[in-house]
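Just so you know, all these numbers are worked out from the coordinates, no wet-lab data involved. Remember, it's a predicted structure, so these values are computed and weren't measured experimentally. Because the Cβ atoms are built from the backbone with ideal geometry, glycine has one as well, and the counts that use them run over all protein chains shown.
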Amino acid sequence: MRTQVGIIGAGPAGLLLGALLSKAGIDNTIVERQSGEYVLSRIRAGILEQTTVDALISAGVGERLLKEGIPHEHLSLSFAGQLHTIDLPKLTGGKTVTAYGQTEVTKDLMDHRLAAGRQTVYEAKDVSLHDLTTAKPRIRFTKDGTEHEIECDFIAGCDGFHGVSRQSIPKEKLQEFSREYPFGWVGVLADVPPVSPHAVIYGNSPDGFSLCSMRSMTRSRYYVQCPITDKVEDWSDARFWDVLRSRLPAETANAIITGPSIEKSIAPLRSYVSEPMRWGQLFLAGDAAHIVPPTGAKGLNLAASDVSMLAQAFAQHYAEKSNEGIDGYSARALRKIWRVERFSWWLTSLMHRFPDTEGFGQRVQEAELDYLMNSVAAQTTLAENYVGLAG
Ligand code: FAS
Ligand code: PHB
């Protein structure tokens, strides 16, 4: 087989890149190791920046998003028993974020790709990359027991943190930066109305972090900070709802409508960046190159930012015979990535209880929250990062 751009991974990064390349008339094939059903079963992000919404509309998959996505004009922080609400459009010249689950984004992109007759190989086994520093890099995989090979001009590694792409780059060519956080998040999805349908609530309480979000007006998404050693079986629904309520102001806690969890999982929190994002004809995008703690709601949005830049770069190569975009991709993407890594690390540090933070550290955290709630300048910084930085 042959294609212009081979894409590894059919998560949001791979699917959005495929849609953007198809729109630019660039042939592409996606190779995914899981089934489509499995990819859709993963419950992850829920908040889209405007630039992500714009990229999805540009890729031709904005119709359901515009109908069902729920704009959030506010962001709320709760601490010391109080709820503080930040007016996003007022502080950012009219920008907001949109509540629309990653599962829906992935479904829209999958449906669009199927309807366009574009090739996606699901359940591909033993995916490997070859000849990456030549003009004809190759993807090899096994499907239903038969070995296949795809010759490409370029390969986009969109296969997430545990994928094969980053591992195909010689270790000595990579610089890796990481920070592991000493806690995780228990996440619950429940078919109950959201307590706060127009603002995500981030909570900092003496017992730890909590978060109130949603997927629709009848489906809610909640999280609480938990020890990194916890297992999902340690968390009954009853315990989850009690802990969540105990970490929120009374008025909010009393308004929470509980119900049986339809999904419950524990996610570890880490910050990670791998540099550079290119090796020969291999380009990394999304979680394959970086991870942010979900506190800033940035993982999916950063993946969309990478593939928007990469799609532009490939289009410039083929349409204008210019390599300026692909040669500058890694540096341009990393400049944005590090600014988002900084924001995600900062909000995580501000809103969580760290095992070793007491005394002085705790007072500094409280002073920063107090300053944030009494400074328009500080709230503007939070707001412009939350709605998404340009570039
Ligand atoms: P993904 O990991 O989504 O997709 C990579 C794809 O590549 C997968 O389908 C995988 O099966 C495939 N793949 C892997 N190895 C392969 C191989 N060798 N060959 C072929 N295919 C291969 N972000 C937020 O903004 N908010 C959140 O609340 C949030 N919660 C999260 C919870 C969890 C548990 C995790 C893991 C992440 C969460 N994220 C969150 C981040 C998440 O949304 C990612 O940023 C987003 O999925 C990134 O998309 P991709 O880069 O496409 O990677
Ligand atoms: C979510 O809706 O899943 C969500 C919202 C905001 C975050 C993280 C996750 O920061």
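Taking the Cα centre of the chain as reference, the dipole from Cβ charges on Lys and Arg (+1) and Asp and Glu (-1) amounts to some 360 debye.
Neighbour counts of other Cβ atoms within 10 Å put Thr380, Thr3 in the fewest-to-most order Thr380, Thr3.
The convex hull drawn around the Cα atoms of segment 1-50, when projected onto a plane and averaged over every direction, covers 4.5 nm². Residue-wise HN-Hα couplings along segment 303-320, as the Karplus relation 6.51 cos²θ - 1.76 cosθ + 1.60 with θ = phi - 60° gives them from phi, are 4, 5, 5, 4, 6, 5, 5, 5, 5, 4, 5, 5, 5, 5, 4, 7, 7, 10 Hz; Gly and Pro carry x. Taken over the Cα atoms of segment 270-391, the convex hull encloses 107 Å³ per residue. Once you divide the Cα radius of gyration of segment 28-89 by 2.2 N^0.38 Å, the number left is 1.60. Here Lys136 is the anchor, and the lysines within straight C-alpha reach of less than 26 Å, apart from those fewer than 8 places off in the same chain, are Lys23, Lys125, Lys171, Lys173, Lys321. Using bins of 10 Å that start at zero, the share of Cα-Cα pairs per bin across segment 62-164 amounts to 11, 24, 25, 18, 15, 6, 0, in whole %. Amide H contacts of Ala156: Gly6, Ile7, Ile8, Phe283, each under 5 Å away and 5 or more positions distant or on a separate chain (H built 1.01 Å from N in the peptide plane; Pro and chain starts excluded). The orientation-averaged projection of the convex hull spanning the C-alpha atoms of the chain amounts to 19.5 square nanometres.
Cα centroid separation, segment 198-237 to segment 125-193: 29 Å.
Can you tally the net charge around Ser213? Count Lys and Arg as +1, Asp and Glu as -1, for every other residue whose Cβ sits under 13 Å from the Cβ of Ser213. Neighbourhood net charge equals +4. Each Lys or Arg adds one and each Asp or Glu takes one away; over the other residues whose Cβ falls under 11 Å from the Cβ of Pro12, this sums to -1. Legend: P(r) of segment 212-347 from all alpha carbon pair distances, 10 Å bins from 0, whole percents, reading 10, 31, 25, 18, 11, 4, 0. Distance distribution note for segment 147-215: the fraction of Cα pairs above 14 angstrom is 78%. Normalising the average separation of contacting C-alpha pairs (under 8 angstrom, six or more residues apart) by the number of residues puts the relative contact order of the chain at 21 percent.
With distances taken between every two different alpha-carbon atoms, segment 348-391 has a Kirkwood hydrodynamic radius of 11.7 Å.
Ranked by the mean number of other Cβ atoms within 10 Å of their residues, highest first, the peptides 167-177, 242-252, 293-303 come out as 293-303, 242-252, 167-177.
Between segment 298-371 and segment 13-50, the alpha-carbon centres lie 20 Å apart. Ranking of Ile326, Ile155, Ile57 by neighbouring Cβ atoms within 10 Å, starting from the fewest: Ile57, Ile326, Ile155. In the distance distribution for segment 2-139, Cα-Cα pairs more than 25 Å apart total 40 percent.
The Rg/Rh ratio for segment 132-255 is 1.18, where Rg is the radius of gyration of the alpha carbons and Rh is the Kirkwood radius.
Size estimate for segment 84-132 follows the Kirkwood approach: the inverse of mean 1/r over distinct Cα pairs works out to 15.2 Å. Compactness check for segment 224-276: Cα Rg over 2.2 N^0.38 Å is 1.48.
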